[in-house]
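The values are calculated or read from the model by the stated rules, or taken from the named source; none is laboratory data. As the structure is a prediction and not an experimental result, all values here were calculated from the model. Heads up, the Cβs are rebuilt from the backbone with ideal geometry, glycines too, and the neighbour counts pull from every protein chain shown. To get the accessible areas, we keep the full protein, side chains included, count just its heavy atoms, and leave off ligands, DNA and RNA. Shrake-Rupley method; radii C 1.70, N 1.55, O 1.52, S 1.80 Å.
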There are 4 protein chains.
Amino acid sequence: MAGTHEPAANPAASRPLPKGRMEAFSDGVFAIAVTLLVLELEVPDGADLWQELAREWPAFLAYLVSFAFIGGQWVAHSTLTRFVRAVDGQLMRLNLVLLLFVSFLPFTTSLLSRHLDDTGEATAVLIFGLNLTIGAALTSALFRYAASSPELAADDFADEELRGFERERRLALVLYTAATLAGLVVPVLAVLVFFGISMLILIEPLVRSRRHRKASARE
Amino acid sequence: MAGTHEPAANPAASRPLPKGRMEAFSDGVFAIAVTLLVLELEVPDGADLWQELAREWPAFLAYLVSFAFIGGQWVAHSTLTRFVRAVDGQLMRLNLVLLLFVSFLPFTTSLLSRHLDDTGEATAVLIFGLNLTIGAALTSALFRYAASSPELAADDFADEELRGFERERRLALVLYTAATLAGLVVPVLAVLVFFGISMLILIEPLVRSRRHRKASARE
Amino acid sequence: MAGTHEPAANPAASRPLPKGRMEAFSDGVFAIAVTLLVLELEVPDGADLWQELAREWPAFLAYLVSFAFIGGQWVAHSTLTRFVRAVDGQLMRLNLVLLLFVSFLPFTTSLLSRHLDDTGEATAVLIFGLNLTIGAALTSALFRYAASSPELAADDFADEELRGFERERRLALVLYTAATLAGLVVPVLAVLVFFGISMLILIEPLVRSRRHRKASARE
Amino acid sequence: MAGTHEPAANPAASRPLPKGRMEAFSDGVFAIAVTLLVLELEVPDGADLWQELAREWPAFLAYLVSFAFIGGQWVAHSTLTRFVRAVDGQLMRLNLVLLLFVSFLPFTTSLLSRHLDDTGEATAVLIFGLNLTIGAALTSALFRYAASSPELAADDFADEELRGFERERRLALVLYTAATLAGLVVPVLAVLVFFGISMLILIEPLVRSRRHRKASARE
């Protein structure tokens, strides 16, 4: 689609492909995974709806955490492809592995929401935490691979932006790992930390954007 | 994908991103949420199909209302991104929160259709109404944020068009709020008003387009 | 996304919108509806798999008919938007109504497959046939609306191509209507005709393309 | 969407269409099929989660094989459309048939995972294997059709790249056919081979990319 607009491809080193389809396929998987989460919520049948919905709190909490995680990963992914001019087979492969863990999340979310207050809790939290941690690690790996490939990296962005994004990704990875490990001791704590991180990812740009705006206004 | 066509980004203020991926991801979530609604419809098993389908009227009514709502929100969303040249982290965050309520709708629709004629009716209508109202409010917020950001707003449209869209959004929000409140007293009334509003949103452009056409013809 | 490439919009008559998002949203709904069909197929649990799968023939037949129908409608839709330069509110509204019937098809397909050999057969075939007929009629309406709007119609195609497409759409509509009516008398006949039409729609371009190729070769 | 950027269409031979919508629709079906696979995984309810998850190994194995297969087919498909400048009705029809087998895969995957250790195993493996083999054959057919149509083939790539892709496709087809036939004798062996092939498809570009990098470094 974007083929005719990309810089003329060198036929000899023809591996770099337009990035349009990788973006479209990834957007599709992110959008479907995030929307399928709703199918895991059970519609109560009884008369006292409020009470039954309240009893479903683990499902709603898990839903929110996973929605925020996928949303945050998608924001990171779309920032990442901003830094990229073209893709190659390796980037596509890494991306597929990332999407494997994204599309697996409705399963681990369901596992979490069904066992958040029974004896399987620690196991469910660990599996869910590993899913988030591996997902975050793959986004970082994707980014490092792209940044280190001169024929893939775009060049119309500032170095500080790149470093800011890298810092953000590293922080997310450290936090997810820490929370997953903490979950081995106090499972619910891990879920709350996951929720906090995801909210942070979503809300942080707002704060930065406000600060940037004020800075612009002062100039 | 659209990166190379956007006006050259200023590396110092590099937050504004191409809008293509936000559009693609949103289109995905809207399209999936609207299509998943069909999974909530139960296929009758018995012999007298017509009678059993007729008994399912709450499910069909809820399906139509939600389809029209998501369709209307999608039209508003695609008009909105017409007014936008680029996106930033804050717009993406707001958009994700909007999509959270869009992708949650299959759940509240199912809640509504299952309780539209039992004792949970008032509760189900209230929750469904809040979902629609918050969704409409978030579309308005998204629009206000974009319109107030000089580095995001596009400039190839008439001011009166912008004001027309703003008026439309405000009217929708007032009507959804009023209907949700009315639903606390007469639940079914709220559903009928929701249906009316959604139909209005879908049909209104037709009327305006006819009027515009006649005006053009007279010139 | 395509905004900057469209011919400069006249701010006074700003209704015509870029067609990119209508295409993306429609592609999404067509793709999801066609893929959700598979969820209606039941995986047999017993030991004699071949026999159990054979007993499920109505489900497989209905699956194939609906897949071919949605596929054919999608081909028609993507040809249709080829004839269109921009969209307006009315076209979007008509398109949403078309998508309503496309995304409703998994339900009527399931209805058909569950009642194809019991007493609900005639009813199920009628409802399924109406779904196909109304869908085909809406595609035609969409096309007629676009063709009659000078500010929407593209102009880089031959008139004969336009008329060929129109003829094709009219024929499809006549056949679907006839088959649905025939189904009131002999239900299974209608299903076979639906299947035949869908196959025709899919295979016809192949025949025409071959003929065109031979003609080119003779030149 | 891409209409205005394509080389000016010859009105007389107007069959070739922009490829954008075929890519978008295909990306949608691939993305949905790959994400729907997760719905086939059962969330265990009991207390000993690890043991119950371990008992579900056929489902996880089938999930991984199908994910890798669809992922690999999608990579092949996006490479394929790189070789294509425009599409015609025949290519769209072939593509729809390919997508039929892609979107059918969640069903045959579920069949496989439910019968991988009971008496239906051989049948399930055969049906699953046929699904993969026919899918791979259709991708090859799509490619051969495009490569043999001068008005469709793009011309900004090296011949050796084309031949490399052709070789890769032929190898995949031979392996899938061999594994399916082997499965008639030792069913589980076929599944392991399918898994191996899919992994190979995904990992092979990584190896080649590394080699290419080293070669570039030596220059």
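Can you say whether A:Gly71 is of a type outside the set (A, V, I, L, M, F, W, C), within 20 Å of the chain's Cα centre (by Cα) and either surrounded by fewer than 20 Cβ atoms within 10 Å (Cβ to Cβ) or under 25 Å from D:Gly71 (Cα atoms) (or both), as far as the supplied structure shows?
yes
If you go through the range B:125-138 one residue at a time, do you hit one that is assigned to a helix (DSSP H, G or I), closer than 14 Å to B:Leu80 by Cα and either open to solvent by 10 Å² or more (accessible area, probe 1.4 Å) or of a type in the set (S, T, N, Q) (or both)?
yes
Report, by residue number, each residue of the range B:79-104 that is among the polar types (S, T, N, Q) and either within 14 Å of chain A (Cβ to nearest Cβ) or open to solvent by less than 10 Å² (accessible area, probe 1.4 Å) (or both).
Once the filter is applied, which keeps residues that are among the polar types (S, T, N, Q) and either within 14 Å of chain A (Cβ to nearest Cβ) or open to solvent by less than 10 Å² (accessible area, probe 1.4 Å) (or both), the range B:79-104 yields B:Thr81, B:Gln90, B:Asn95, B:Ser103.
Residue under question is A:Arg163, and the condition is that it be within 30 Å of B:Ala86 (Cβ to Cβ) and of a type outside the set (A, V, I, L, M, F, W, C); does it hold?
Judged against the criteria, A:Arg163 is a match.
Taking the range B:33-44, which residues are at the interface with chain A (Cβ under 8 Å from one of its Cβ atoms) and open to solvent by 10 Å² or more (accessible area, probe 1.4 Å)?
Answer for the range B:33-44, where residues must be at the interface with chain A (Cβ under 8 Å from one of its Cβ atoms) and open to solvent by 10 Å² or more (accessible area, probe 1.4 Å): just B:Leu39.
Does D:Glu166 fit the bill of being modelled with pLDDT of 85 or more, acidic (Asp, Glu), in a helix (DSSP H, G or I) and open to solvent by 10 Å² or more (accessible area, probe 1.4 Å)?
Judged against the criteria, D:Glu166 is a match.
Just to be sure before I move on: is B:Thr119 at pLDDT 90 or above and β-branched (Val, Ile, Thr) in the structure I sent?
For B:Thr119, the condition - at pLDDT 90 or above and β-branched (Val, Ile, Thr) - is not met.
D:Ser198: polar (S, T, N, Q) and open to solvent by 40 Å² or more (accessible area, probe 1.4 Å), yes or no?
Criteria not met by D:Ser198.
Take A:Val75 and decide whether it is touching a helix residue (DSSP H, G or I) at 6+ places or on another chain (Cβ under 7 Å) and within 24 Å of B:Pro18 (Cβ to Cβ).
yes
Considering only residues that are at pLDDT 90 or above and either within 11 Å of chain D (Cβ to nearest Cβ) or within 14 Å of the chain's Cα centre (by Cα) (or both), look in the range C:174-195 and name the one that is least open to solvent (accessible area, probe 1.4 Å).
This residue is C:Tyr176.
Report, by residue number, each residue of the range B:139-153 that is touching a strand residue (DSSP E or B) at 6+ places or on another chain (Cβ under 6 Å) and assigned to a loop (DSSP other than H, G, I, E, B).
If the condition is that a residue be touching a strand residue (DSSP E or B) at 6+ places or on another chain (Cβ under 6 Å) and assigned to a loop (DSSP other than H, G, I, E, B), then B:Leu152 is the only one that fits.
Among the residues in the range D:105-123, are any open to solvent by 10 Å² or more (accessible area, probe 1.4 Å), touching a strand residue (DSSP E or B) at 6+ places or on another chain (Cβ under 9 Å) and either within 26 Å of C:Gly71 (Cα to Cα) or touching a residue at least 12 places away in the same chain (Cβ under 8 Å) (or both)?
no
Is it the case that the range C:85-97 has a residue that's touching a Leu at 6+ places or on another chain (Cβ under 7 Å) and free of Cβ contacts under 8 Å to residues at least 40 places away in the same chain?
yes
Do we have D:Leu152 as on the phi < 0 side of the Ramachandran plot, open to solvent by 20 Å² or more (accessible area, probe 1.4 Å) and touching a residue at least 24 places away in the same chain (Cβ under 8 Å) here?
No, not satisfied.
Which residues, counting only those in the range A:51-62, are of a type outside the set (Lys, Arg) and open to solvent by 10 Å² or more (accessible area, probe 1.4 Å)?
Answer for the range A:51-62, where residues must be of a type outside the set (Lys, Arg) and open to solvent by 10 Å² or more (accessible area, probe 1.4 Å): A:Gln51, A:Glu52, A:Leu53, A:Ala54, A:Glu56, A:Trp57, A:Ala59, A:Phe60, A:Leu61.
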